[in-house]
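The values are calculated or read from the model by the stated rules, or taken from the named source; none is laboratory data. These numbers come from a predicted model, not from an experiment. Ideal geometry is used to build each Cβ from the backbone, glycine not excepted, and the neighbour counts take in all protein chains shown.
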Amino acid sequence: MASTHRITRAAYLESLRDFREFIKEHCAGVPGVTEEVLYDVQLAVDEACTNIITHGYADMDPGSVILDLELESDELTLSLTDFGHSFEPDNMPVPDIDASIEERELGGFGLFFINQSMDEVDYRVTEDGNTMILTKYLGKQLEKNNENRSQT
């Protein structure tokens, strides 16, 4: 049976800590939510919220960010909704991770980190706002941990 939780905060960088704590509070002790999974999820939410705050609400009064967290036995789904400027993730340039630090452009790694740390990433724009849906499969992590144990 799924459990669903929601938190809404003003779109300020200071709210990132509240989102991280909210995730930790509702995921602590859940089977399949390892420290690695928790880190990945918190990183993805931090990056998504930072993009919402700095780009989505650019040239606007800061609005709010709504985080819905849904836990099922085999997956964790987080939905971030805002009411700022929308964007098209597929049109965003992919950072050159092989370039030296001196040759890299500043920024542009947020979506890369989100996509690397989550199993599924979806983005929707509707009259109800802009929503990024982040999914992490918990069974996948359990299988990975079992494989690592059997190899030692």
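Structure above, values below:
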{"item": "Residue among D46, D74 that alone is without any contact (Cβ under 8 Å) to a residue 40 or more places away in the chain and not basic (K, R)", "result": "D46"}
{"item": "Single unsatisfied condition, D68 versus (1) part of a helix (DSSP H, G or I); (2) at pLDDT 90 or above; (3) acidic (D, E)", "result": "(1)"}
{"item": "Any hit, the stretch 94-116, residues being modelled with pLDDT of 95 or more, aliphatic (A, V, I, L, M) and either out of contact with any helix residue (DSSP H, G or I) (no Cβ under 6 Å at 6 or more places or on another chain) or not in a helix (DSSP H, G or I) (or both)", "result": "no"}
{"item": "Selection within the stretch 76-92 - outside any loop (DSSP other than H, G, I, E, B) and either buried (at least 18 other Cβ atoms within 10 Å of the Cβ) or modelled with pLDDT of 95 or more (or both)", "result": "L76, T77, L78, S79, L80, T81, D82"}
{"item": "Sole exception among (1) within 29 Å of G139 (Cβ to Cβ); (2) not in a loop (DSSP other than H, G, I, E, B) for V33, by number", "result": "(2)"}
{"item": "Qualifying residue in the stretch 13-26 (condition: β-branched (V, I, T), surrounded by 13 or more Cβ atoms within 10 Å (Cβ to Cβ) and closer than 17 Å to I114 by Cα)", "result": "yes"}
{"item": "Residues being of a type in the set (S, T, Y) and more than 16 Å from the chain's Cα centre (by Cα) - total across the stretch 65-89", "result": "2"}
